[in-house]
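Read the figures in this text as sums done on the coordinates, not as results from a lab. This one's a predicted model, so the numbers in the text were calculated from it and none came from an experiment. We place every Cβ from the backbone using ideal geometry, glycine too, and count neighbours over all the protein chains shown.
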Amino acid sequence: MIAPRENEDVWIHSVCDMCFAACGILAHRKDGVLVKIEGDPNCPASEGHLCAKGQAALIGLYDPSRVKAPLRRTNPQKGIGVDPKWEEISWETALDILTDKLAKVRDKDQRGLLISNFDHIAATYFIGGAWAVAFGTPNHHWTGYYCGNYLHSSMYLTNGSFHSDFDLDYCNYAILLGNQQGFMGGLNANVAARKMAEARKRGMRVVVVDPVGTNAAAKADEWVPIRPGTDGAFILSLIHVLVNELECYDREFLTHRTNAAYLVREDGSYLKEGRDGKPLVWDLKSQGAVPFDQADIETALEGSFVAGGEKCQTAFQVIKEQVKRYTPEQVAPITTIPADAIRRIAKEFGAAARIGSTIMIDGKPLPYRPVAVNIYRGAGAHKHGTHTALAVQMLNMVVGAFYVPGGHRGVNLVGPSRSWMPGETVEGLVTPPATIGRAARYYDFEDKRPEGMELHELFPISTNRSPMNQLNLQDPKMFGLPYTIDVLMVCRRNLMMNNVNPAIMAETIKKVPFVVTFSTHLDEVAELADLVLPEAHFLERLDFMPNTLTHTMSPATGHFYWGLRQPIVEPRGQARRWIDVLFEIAERMGFLGEFYGLLNVKWGMKEPYKLDPAKRYTMEEMYDRWMKSLFGPERGLDWFKENGYHKVARAIEEKYPGPFIKPRFPIYFENMLRAKKSVAKVASEMGREWDTEDYQVFPEWKPCPAYKDGTPPYDLYVVNFKIPFHALSVTTQNPWLDDLAEHNPYAYKILINTETGGRKGIKDGEEIWVESVAGKVKGEAKLTECIHPEVVGIAGVFGSWAKGKPVAKGKGVHFNTLLPISLERIDPVSTGVDSCIRVKVSRAA
Amino acid sequence: MARYGMVIDLNTCIGCNACTMACKAEHATPKGIFWAKVLEKEVGKFPAARRIFLPVLCNHCKNPICQEVCPTGATYKREDGIVLIDYDMCIGCRSCMEACPYGPRAFYESDGAYYPGERTAYEKSQQDFSEGVVMKCNFCVERVDQGLDPACVVTCVTECRVFGDLDDPQSEVARLVADKKARPLLPEKGLEPSVFYVGS
């Protein structure tokens, strides 16, 4: 309990939740009133700084429109704009209703419960996952139509890490492909912004490739406007220029740290020999094929050979040949980037990579490759986006800028004090550390008929398959799962705003007989729910480890760190934390012991801190045990409340694990051939025709539907983009951030190139319609020079419509309304929904 | 006596508005009023176009014209150069807003609460002004008097702001002004601002 004293004046350690960066904050409480939030100087993720979102969080705490008590729907009619006719009920009644529904699901078919949970990938996200397992449902990953699909798939596959980043401490040349890393967007946004500023001061060149002139583009040395969906062609062209025109590639790295030298047969598969099936390489000394890891050999990186009577060539030889299709002259008309610019950027990138150089850090000589190309949502958010994302990592590998000073690196391939390490396949290739779990096993496939709503077996090279939940709900016959969803439980997610077109989404959600949502507001999901449970504001929550080490903690912070989000004030009204409520539900339904058992495993609990299945613990007690199990009896909950952060500086091997780990990074994706077979078999068992074309050993650029579909009058592309002071839909109801957006020239507007607008008779500031085949939105036109002439730009996740969010309602434009969903518009590897479409624009008057 | 000033590096500012919000949170400014803000404009034609950012606040001029024109003496300058408004003396005539060429001042007419109805507990506890006054950046005088930097300086995620004593040649602000040819806005007005900019 928090007991504010009179004349109290305290600063309290906690952790922000306004985006997934989860920065440490200090909250100033005077006489029980939260009066200020600042960055916590003791937190490696904020170092005393804080963005607009984090500081604005405090006014949101006082929002009078928050849900304060459980509400039950009394109007059986559901729809957008239909009054649910809420009836306030007690928590007791609410939990009776909910456990009754859940018990019926459990009796009938446990898989009939679908959970939507995200929690910024904090520890609570994984606790929710364990709860789902204890309940018995595999369906607990509906995060929205997009959750890094293309990025995470490509990262796990090429380097076993979840999230992309690069080393701003040493990088000298960065290409940001459709992302704003370092400009208050993306992984550990706060630290990245500071390090980006320092890097730019010391002369790092930044090239921003983006259809929209974003904040990042504003500060870049060069903004390269690109036609949406063509990033893959651009990247493959850079690779072509480097390897075929400039012969600029890191032979040492490619030969010994990747599978580039592995011999491949004409069908693309590895040439293998021997009992253990190790791939072979060509030994120039013995002039023969030998296992890749044989000692004392001189490995050929390039060339075609005959081994055992079979024609073969090195994987790198294949790559060199394949990229010849992407000459700058061929790619220029695809991307709209002039050929000489492509050639120049390739040359600059290659030169800046300083291939062959080393740098001494902490007394250790390390390869020094101070260049990186970084990708996040924008470039990948297209059909075939996985190919684009894989091409990006290929480019980083071609110059050896992989997990070494100055180059690309993901989060935490190696754990603190090597507590976890990447795995290794029999082919000697990297796989995600075991701590990340089974979600990303990209080499051994289970050819079984999918049981989960996400159809994992149909998409084996993926991390989450959220859009498949929607498709299965819309049409249960589509994949013929042996059950239907009877209860949808939404935990702090806005599935209506973060999925495609709301009219389509409303019909989807209406198909579920019972919908419960943990919401701070009567938001767009609540409008369609049967039961609303009042959720605590993050400043009222207790959460240990809001930054998950394995997923969202950038090495840029220089530390491993563990933080505590502790409540600054008591929850408003009857609001509770959703995760607490899940424990109570487990207790009421009789699977709490099993849940505890799973947490003991998940948290690696040691004696005497293991949770006893026969007991009932508060959240405080569980976190206290978890902390003491991790750090010893001195560092329990009280220590974290007092000190905020436990942190450990990273050793050099933990900052730049590349040279210190054994497994190689795949630059040639032979496992895709096996994935293709597995998918074909699974599909055939399901009696389906299935597109397996994208399972290729080598990424290609393929046009997304929008690229091909320029039929008049749908002559423009629409894309969305990020502004630095809003994140997801969670910040839209914040009145300070709304005030900022109202005063911003771009936030709530529809961006259109000045010349394009002029051609269409559209004036700056006038109302226009933007219409796709799926839907249309109205908003104020902003004529700008800072956007590609073929593109319409819409920021953020704005355009809320729920009455329960009076600040956000009607502000800005809802981009997702313009998107449809279908198998044809989903990336066939990662399931990411193509979030770019052709539109027409017209004056609204 | 010190003369407080600020140097802002325009190369480093990314237009994220962390400063804008730090100021709002520090002073609980009314709805629609920002003492610190980031102005934006576009320069050039596509594709050689870009947005540029200009963080602005009160310049705390050495020769504050606002003080000169204030009929009641509400606007005054401390010995350390910080220009302040005494809300009790301000009659809301807005002569200062007319006179100041920089536009950092705002007239708080009414209805500044962020949520309809009663002000929040936060606003009640933090707002020391009433309706009908002119307000502006006070260089976070409440922090400066405790030896702290202004809120916008502390929060800036790129550390593009430096605050200190312009009269102390050893201070970073004084060195930046001396070394990097830092310039104020509209120097031709002769008001001698204490806020300088470097970079572009």
>> Based only on Cα atoms, what mean projected area does the convex hull of the stretch A:434-485 have, in nm²?
In response: 3.9
> For the protein assembly as shown, what is the calculated [θ] at 222 nm in deg cm²/dmol (nearest 500), taking -39500 (n - 2.57) for each run of four or more DSSP H residues and dividing by its residue count?
Replying inline: -7500 deg cm²/dmol
>> Using the Karplus curve 6.51 cos²θ - 1.76 cosθ + 1.60 with θ = phi - 60°, what ³J(HN,Hα) values do you get for each residue of the stretch A:675-686, in whole Hz, with x for Gly and Pro?
In response: 4, 4, 4, 4, 5, 4, 5, 4, 4, 5, 5, 7
> Counting other Cβ atoms within 10 Å, which GluC sites (Glu not before Pro) in the stretch A:207-308 have at most 12 and lie in a DSSP loop?
Replying inline: A:GLU247, A:GLU266, A:GLU298
>> At 7 Å along Cα-to-Cβ for each site, give me the label-to-label distance between A:VAL601 and A:LYS311 in nm.
In response: 5.0
> How much of the DSSP beta bridge set in the protein assembly as shown is antiparallel, as a percent to the nearest 5?
Replying inline: 65
>> Sort A:THR158, B:THR155 by Cβ crowding within 10 Å, fewest neighbours at the top.
In response: A:THR158, B:THR155
>> Modelling each spin label as a point 7 Å along the Cα-to-Cβ direction, I'd like the A:ASP362/A:GLU92 distance in nm, to one decimal.
In response: 5.8
>> Calculate the FRET efficiency for A:GLU198 and A:ALA503 from the Cβ-Cβ distance with a Förster distance of 41 Å, rounded to the nearest 0.05.
In response: 0.30
>> Can you give me the Rg/Rh ratio for chain B, using Cα atoms for both radii and the Kirkwood formula for Rh?
In response: 0.97
>> Averaging over every viewing direction, what projected area does the convex hull of the Cα atoms of the protein assembly as shown cover, in nm²?
In response: 42.5
> With each pseudo-label sitting 7 Å past Cα toward Cβ, what's the A:LEU823-A:SER304 distance in nm, one decimal?
Replying inline: 3.8
> Around A:LYS749, which amide H atoms from residues at least 5 apart in sequence, or from another chain, sit under 5 Å from its own amide H, with H modelled in the peptide plane?
Replying inline: A:ALA795
> When the dipole is taken about the Cα centre of the stretch B:4-198, and only Lys, Arg (+1) and Asp, Glu (-1) are charged at their Cβ, what size is it in debye, to the nearest 20?
Replying inline: 860
>> Below 8 Å, C-alpha to C-alpha, sequence gap of six or more: please give me the relative contact order for chain A in percent.
In response: 19
> Which whole number gives the average count of other chain Cβ atoms within 10 Å of the Cβ atoms across peptide B:149-159?
Replying inline: 6
> Under the definition of partner shielding as Cβ atoms of other protein chains within 10 Å of a residue Cβ, what is the mean value for peptide A:721-729?
Replying inline: 2
> What dipole magnitude, in Debye to the nearest 20, does the stretch B:120-200 give about its Cα centre under +1 on Lys/Arg Cβ and -1 on Asp/Glu Cβ?
Replying inline: 340
> Which whole number gives the average count of other chain Cβ atoms within 10 Å of the Cβ atoms across peptide A:781-790?
Replying inline: 3
>> Can you give the local net charge around A:MET421? Use residues other than it whose beta-carbon is closer than 13 angstrom to its beta-carbon, Lys and Arg +1, Asp and Glu -1.
In response: -1
>> Cβ neighbours within 10 Å, averaged per peptide: list A:81-93, A:581-593, B:24-36 in order, most packed at the top.
In response: B:24-36, A:581-593, A:81-93
> So for A:PHE445, A:PHE721, fewest C-beta neighbours within 10 Å to most, what's the order?
Replying inline: A:PHE445, A:PHE721
> What does the stretch A:210-330 give for Rg and for Dmax, in Å, if only its C-alpha atoms count?
Replying inline: 18.6, 58
> How many percent of all Cα-Cα pairs in the stretch A:705-843 sit more than 21 Å apart?
Replying inline: 42
> GNM, chain B, Cα, under 10 Å: largest mean-square fluctuation among B:THR20, B:THR12, B:THR72?
Replying inline: B:THR72
>> Suppose the Debye formula is applied to equal point scatterers at every Cα of the stretch A:567-697; what is log10 I(q)/I(0) at q = 0.16, 0.18 Å⁻¹?
In response: -0.91, -0.97
> Given charges of +1 on the Cβ of Lys and Arg and -1 on the Cβ of Asp and Glu, with all other atoms neutral, how large is the dipole of the stretch A:342-489 about its Cα centre, in debye to the nearest 20?
Replying inline: 780
> Residues in the stretch B:25-65 near a label at B:LEU148, defined as backbone nitrogen under 11 Å from the 7 Å Cα→Cβ point?
Replying inline: B:26-27
> Sorted from fewest to most neighbouring beta carbons within 10 Å, what does the list A:TRP639, A:TRP11 look like?
Replying inline: A:TRP11, A:TRP639
>> Please compute the alpha carbon radius of gyration of the stretch A:1-153, then divide it by the globular-protein estimate 2.2 N^0.38 Å. Two decimals is fine.
In response: 1.35
